[in-house]
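One structure is given below, encoded as structure tokens.
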Amino acid sequence: MSFGLLLRVLAAASLLTLAGCGPHTPKPVARAPDVGWAVYGGDAGGQRFSPAAQITPANVGDLAVAWTYSTGEAARHDLKHASFEDTPILAGGRLYVCSQFDAVSAVDPGTGRQLWQFDPKVDPKVGYPNEFTCRGVAYWRDPAVADNVRCSERVYVGTVDRRLIALDAATGAPCAGFGKSGTVDVGAGVVLERTGQMQITSPPVIVKDTVVIGSSLDDNERVREVSGAVRAYDARTGAPKWSFDPLASQAPGNVSGAANAWAPMSVDPVRGWVFVPTTNPSPDYYGGLRKGPDGQANSVVALDAATGRVVWSFQTTHHDIWDYDVPAQPTLADVAFGGHGTPAVIQGTKQGLIFTLNRDTGAPVIPVDERPVPQDGAAPGEQLSATQPFPRLPRPLSPSTIKPEQAFGLTPWDRNHCKKEIAAARFEGMYTPPSLQGSLEYPFSGGGVNWGGLAFDPTRQLVFVNTSNAIHKITLIPAKDVRAAQRREPNKEISPQTGAPYGMKREVVFSPIGMPCNPPPWGQLHAIDMRTGRVVWEVPLGTTRDLAPGSQLILHHTGTPNFGAPIATASGVVFIGAAMDNYLRAFDAASGKELWRGRLPGGGQATPMTYVWQGRQYVVIAAGGHAKSGTKRGDKMVAFALPGPLR
């Protein structure tokens, strides 16, 4: 029997098994006090925690679809290059949703009925580095304006074509006094080599009356990339306030650009600071034109939101040539490590490391060691850092060593292929430099942790974070040979790194049947006790059901690579989508046991949110898929709730 036929038979068997599940009679639900979710990360510090407790480990199995909302993008656009990564927010009595093409909708929180929609009409024909996506919007109530006055409540959205737009939260109409007819051109004055070179994918943040926004830039295209400046604007008028260039303090003579902040930022409203995760200098895989420090690249940076002044910064990767930028929102939390309460910043990285920093100074709360890393095999002209920072706790969440004999495969044939792939490349562990021979990058640049970040339960002192596990092979190509390589392998990611002596080819190391060559689990959800820094549990996240139907009956406990984040609730339920199957899942915060899964109409590569509205708790997730993962596309927001009558 062929592998494909076997999968079809197993898929049929799994459908028969599901068909045998009988209906469940819903029980009455105790009315709960209303709880909101007013910012992208749940609170300004990105804890992704809700005090909502109506849904518990005991009743989460009763969850059912309460409503769905379609943004209309499936009818307006081809979704092939779109990722529905939005986390809605609930503020001012409305749920605000941002579509893949930056259309903002206000939705009734209890029914999913559309109240208004604003479409900025982005051009779908332009190519952008992160394709078409919008992770969220920001809400602001102007304290200087009376209630019910137009634009007293505002929703801000950053678009892929570099606009910052302010909308009246009640009607969706642009706020005429902000910028030009409601719009500020974030890219004003930036000279681009192509239209889509710069975009905005993550929501702005607001500190008092200042709106702060970052950007996403081309990867690996050129050495002299445009500046990755973070920009701030007056929340009322759109007038520029300040900009922060992470490379302004780099060593004199360094040739590079970028170091932008594409991932979400966080805010401490008491201190008046914004916390910025920055990327690596350009290009990703060659640093020979950088002879000294990289300024605040690859760092968590605390800025005074009133002035843009750097308060402190902490670098997570030195002289980055692995695309190991800081990919996720810094999480602000009071941690009890070692029995001492400390205001902290918790930062996950693509390497699967979790740094815990003092929020006031940036000094490590949990000690960080500088450890020697591989030095052999680097391209001529490269100047590697001799050491890299490693936190002592928690232990790395992603594996970083592999030998040919550890290669994974479903059959001897594909396992042998993977063994050869691993053996043929240079690899001496994490931070093996890219080479002309081809070097393994493990963890790959998709994570470890990616843009979803983590959730923090302040009562239980638990961090919940998901990671991916795969290998990249990075091969440097002499600049004169790049065009020929692109023609020879048109379906591979081959980038010129113009201005460097080498271009690069980046590929995930797969078997001939499309499975990762490294052993599973390929995706996990972890829980870390921040009192001790210890991992208390970790479980595989996701199945291969929607990658190869029926294969989950062969491949048990593999998990999948994932994009999105978990959220935590006061009742001890952790919700997460993220995996490359079409499910929203609930886990027990204490044990990691999977308690429930809800089927989605598309890929749930987004971070869910939860709120209580008129006595009922809802859990909402974007289910529209992820372009680069190839998951099922769509335009639906799905809300789950306990279906019984309120009492």
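Placing one identical point scatterer on every Cα of segment 570-647 and ignoring solvent, what is log10 I(q)/I(0) from the Debye formula at q = 0.18, 0.23 Å⁻¹?
-0.74, -1.05
When the label point is put 7 Å from the Cα of Ile513 along its Cα-to-beta-carbon vector, which residues of segment 392-424 have a backbone N closer than 11 Å?
Under 11 Å, as judged by backbone N against the label point of Ile513, lie 409-415 of segment 392-424.
Mind running the shape call on segment 208-350? Use the C-alpha gyration tensor, a ≥ b ≥ c as the square roots of the eigenvalues: rounded below 1.5 for a/c, prolate if a/b tops b/c, oblate otherwise.
It is oblate, given that a/c is not under 1.5 and a/b is not larger than b/c.
Evaluate the charge dipole of segment 243-344 about its Cα centre and quote only its size in Debye, nearest 20, assuming +1 on the Cβ of each Lys and Arg and -1 on the Cβ of each Asp and Glu.
Using Cβ point charges on Lys, Arg, Asp and Glu, segment 243-344 gives about 220 debye.
Separation between the Ala64 and Glu370 pseudo-spin-labels, each 7 Å from Cα along Cα→Cβ, expressed in nm?
A separation of 6.1 nm, rounded to one decimal place.
First measure r as the distance between the Cβ atoms of Arg395 and Thr361, then evaluate 1/(1 + (r/R0)^6) with R0 = 30 Å and state the FRET efficiency to the nearest 0.05.
Computed FRET efficiency for Arg395 and Thr361: 0.75.
Check Ala66: other-chain or 5+ apart residues with amide H under 5 Å from its amide H, H built from backbone geometry?
Ala639, Phe640, Ala641
How high is the relative contact order of segment 81-228, in percent, counting Cα pairs under 8 Å that sit 6 or more residues apart?
RCO, segment 81-228: 20 percent.
Kirkwood Rh, segment 36-134, all Cα pairs: how many Å?
Here the Kirkwood hydrodynamic radius works out to 15.4 Å.
Normalising by the residue count of the chain, find the relative contact order in percent from Cα pairs under 8 Å and 6+ residues apart.
16
Choose one of Ala38, Leu164, Ala261: the residue whose Cα lies farthest towards the positive end of the charge dipole of the chain (beta-carbon charges +1 Lys, Arg; -1 Asp, Glu; about the Cα centre).
Among Ala38, Leu164, Ala261, the one farthest towards the positive end of the dipole of the chain is Ala38.
Within segment 293-309, find all residues whose amide N lies under 15 Å from a label point positioned 7 Å from the Cα of Ala248 along Cα-to-beta-carbon.
It comes to 295-297, 301-309, nothing else.
Between Ser181 and Lys125, how many nm apart are label points set 7 Å from Cα along the C-beta direction?
Spacing of the two 7 Å Cα→Cβ label points: 2.2 nm.
Calculate, in nm to one decimal, what Lys403 and Asp142 gain on full extension: separation in residues at 0.36 nm each, minus their alpha carbon distance.
88.1 nm
Can you tell me the relative contact order of segment 269-423? Whole percent, Cα pairs under 8 Å, sequence separation 6 or more.
Worked out over segment 269-423, it gives 17 percent.
Please label the shape of segment 400-523 as rounded, prolate or oblate, based on the square roots a ≥ b ≥ c of the eigenvalues of the alpha-carbon gyration tensor (a/c under 1.5 means rounded; beyond that, a/b larger than b/c means prolate, else oblate).
oblate
Take the alpha carbon gyration tensor of the chain, find the square roots of its eigenvalues, order them as a ≥ b ≥ c, and report rounded if a/c is under 1.5; if not, report prolate when a/b exceeds b/c, else oblate.
Rounded, since a/c falls under 1.5.
Compute the label zone of Asn416 within segment 513-541: residues whose backbone N is under 17 Å from the point 7 Å along Cα-to-Cβ.
Within reach of a label on Asn416, which here means backbone N under 17 Å from a point 7 Å along Cα→Cβ, segment 513-541 contributes 513.
With θ set to phi - 60°, apply the Karplus curve 6.51 cos²θ - 1.76 cosθ + 1.60 along segment 189-205 and write out the HN-Hα couplings as whole Hz, x wherever there is a Gly or Pro.
Coupling constants for segment 189-205: x, 8, 8, 9, 8, 8, 4, x, 5, 10, 8, 10, 10, 9, x, x, 10 Hz.
Which of the lysines could a cross-linker bridge to Lys628, judged by Cα under 24 Å and excluding same-chain residues fewer than eight apart?
The reachable lysines, counting only those whose Cα sits under 24 Å from Lys628, are Lys80, Lys121, Lys125, Lys350, Lys473, Lys492, Lys505, Lys636.
Coordinate-derived values only; no laboratory data. Computed from a predicted structure; not experimentally measured. Here Cβ is always computed from backbone atoms with ideal geometry, including for glycine, and neighbour counts include all displayed protein chains.
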